[in-house]
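Data first, discussion second: the structure below is written as structure tokens.
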Amino acid sequence: MKKKIVYSLGLIGFIGLGIWTCMSPTSVDSLYVPAVYATAFGLLPPLVAITLALITKEVYSSLFVGIVTGALLYSNGNLFLGLTTMLFHEEGGLIFKVSSSSNTCILVFVTVLGILVALMNKAGGSYAFGDWCAKHIRTRKGAQFMTMLLGVLIFVDDGFNCMTVGNVMRSVTDRFNVSRAKLAYLLDATAAPICIIAPVSSWAAAVTYSVPEELHINGFSMFLRTIPYNFYSLTTLLMMALIIFFNIDFGLMKVHEDNAKKGDIFTTPGRPFKDSDEQKANPKGKVIDLVLPVFVLIVISILCMIYTGGYFEGASLIDAFGNCNAAYALVMSSVVTLIFTFILYNIREVISFKEFMECLPAGFRSMCEPMIILIMAWNLSGMTNLLGANIFIHDFVEGYAGNFKMFLPAIIFLVSVFLSFSTGTSWGTFSILIPIVCNVFAGNYEMLVISIAACLSGSVCGDHCSPISDTTIMSSAGAHCEHFNHVSTQLPYAITAAIISFIGYILAGIAGYTTNSTIAILSLPVTLAFMAVSLFILNKKYKVD
């Protein structure tokens, strides 16, 4: 009965929108501006999608409703205009987003990586690596620490980090009954948080070139100064290490981990990537069949990044990373690695040519789910941008920042978290907010550093929490975990780190505004101490006998 009522109301609403459409214009000119442009309504589409995802535990329909909401807001309720906007708009439509060169590169990279994983499984490399780890890693803690270590070592790019480490360590963590949700958290917690504090990464380059040139400040030096104040990233890394060492699990993660210890590493019925998870022992497979392709992929990725940045044409290493095209580099490196893997497996005769070719469509099929989510997330982000959400945030911060300069780092952190969470992009968030911060604190270098660090930290935090973030989606894919399971289990951990970081920025802002840098830098050990104490309390509450 309830379903019939809901369907009836939906039909009535659809007919009403159809009548409205007939009374509304069906085309726009170049000067067209939606009625809600640059208002708080610009953030409604992602909020609708995120809320529905948390309520329904279903990602595809939630993203679709969010996209439709954005399209209708942009078209002022005109169904035909909303449909054409959603599909064909040159700045945010689905076709535009898919045909964007950088987005297409990410889809190709994810596909090729799926093929590489299928090949490693077929050749027995993943199985052999699991056997090796079983002999050298004897505990669940060891498996988790190894995952964390690999995540820290692969600091070049967050998406590359998630997919590579997940595919390498998944079979190992499965053997020690680590839940897929916990693996996804470990991947996500060592992706953006480590990239944003690594001087040699695509993220460092993006931050460096976000500092306005008219300030005559060395952007890279500014980035280096922000590292000790990047509280969310540093507290997340500390939190992850302490959680592993003291076996602390809380929230929904504890449910997943308790079930995993009993043999159920999924908890929920869904089994994403089921076919690619099935590994059979190949007597010819060796550890080198996994380690060597991964090593080649990492090295070639770095070389391709500095190549696209002009390093071999005379540019410095820093400038090369600053000007690199990470998306192009990942495609180039993945294709080169695929060719290398073909030659390696052919020489070693671990799989036949036919088996190699069979892995191509198998790898593609295994990555269809994350690619669909990525495409819909990009479309949703496009609708949000068309509504001027970035302009609304810009005006909000610029209008209220001057009255709370002492607490601005904490305010900037919260605004960055909200914007990054809503849009699913950390790069877009700090590229909007860094110029504003620079204008507010142009005369106070220490507060400028702390505030930019708060912006970066909040951007990573929001990206970490957001179910529509590329990194979150790729972490789920790398762990072969249900996307909703990853988001719901990670949120309590991320929120804990966010609260402690917020307190840290209050302390840093007060110290930086009233004293000097020597006192302000003490806010880092105080913040880390807060994290340790908080986890100690949680350990007491959720202590495992």
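The values are calculated or read from the model by the stated rules, or taken from the named source; none is laboratory data. Remember, predicted model here, so these are calculated numbers, not experimental data. Ideal geometry is used to build each Cβ from the backbone, glycine not excepted, and the neighbour counts take in all protein chains shown. Remember, those area values only see protein heavy atoms, side chains included, never the ligands or the DNA or RNA. Shrake-Rupley method; radii C 1.70, N 1.55, O 1.52, S 1.80 Å.
Remarks
- Unmet criterion (only one of (1) farther than 23 Å from Thr147 by Cα; (2) buried (at least 16 other Cβ atoms within 10 Å of the Cβ); (3) not polar (S, T, N, Q)) for Val335: (2)
- Residue within segment 497-515 that is under 21 Å from the mean Cα position of the chain (by Cα), under 26 Å from Ser102 (Cβ atoms) and open to solvent by 40 Å² or more (accessible area, probe 1.4 Å) present: no
- In segment 253-263 there is at least one residue matching the filter, namely being open to solvent by 40 Å² or more (accessible area, probe 1.4 Å), closer than 19 Å to Leu186 by Cα and under 25 Å from the mean Cα position of the chain (by Cα).
- Any chance Gly382 is among the small types (Gly, Ala, Ser), touching a His at 6+ places or on another chain (Cβ under 9 Å), open to solvent by less than 20 Å² (accessible area, probe 1.4 Å) and at pLDDT below 85: yes
- Scanning segment 111-162 for residues that are of a type in the set (Lys, Arg) and in a loop (DSSP other than H, G, I, E, B) yields a single hit, Arg138.
- Test: residue in segment 72-90 that is touching a residue at least 24 places away in the same chain (Cβ under 8 Å), open to solvent by 10 Å² or more (accessible area, probe 1.4 Å), in contact with a Pro (Cβ under 9 Å, 6 or more places away or on another chain) and not in a helix (DSSP H, G or I): yes
- Selection within segment 459-482 - in a helix (DSSP H, G or I) and either of a type in the set (A, V, I, L, M, F, W, C) or open to solvent by 10 Å² or more (accessible area, probe 1.4 Å) (or both): Val460, Cys461, Cys465, Asp470, Ile473, Met474, Ala477, Ala479
- When Asn390, Asn346 are checked against the criterion of being of a type outside the set (Val, Ile, Thr), under 22 Å from the mean Cα position of the chain (by Cα) and open to solvent by 50 Å² or more (accessible area, probe 1.4 Å), Asn390 stands alone in meeting it.
- Single residue of Val440, Val544, Val526 found to be at pLDDT below 90 and over 30 Å from Leu183 (Cβ atoms): Val440
- Of all residues in segment 105-159 being without any contact (Cβ under 8 Å) to a residue 12 or more places away in the chain and among the basic types (Lys, Arg), the one that is most open to solvent (accessible area, probe 1.4 Å): Arg138
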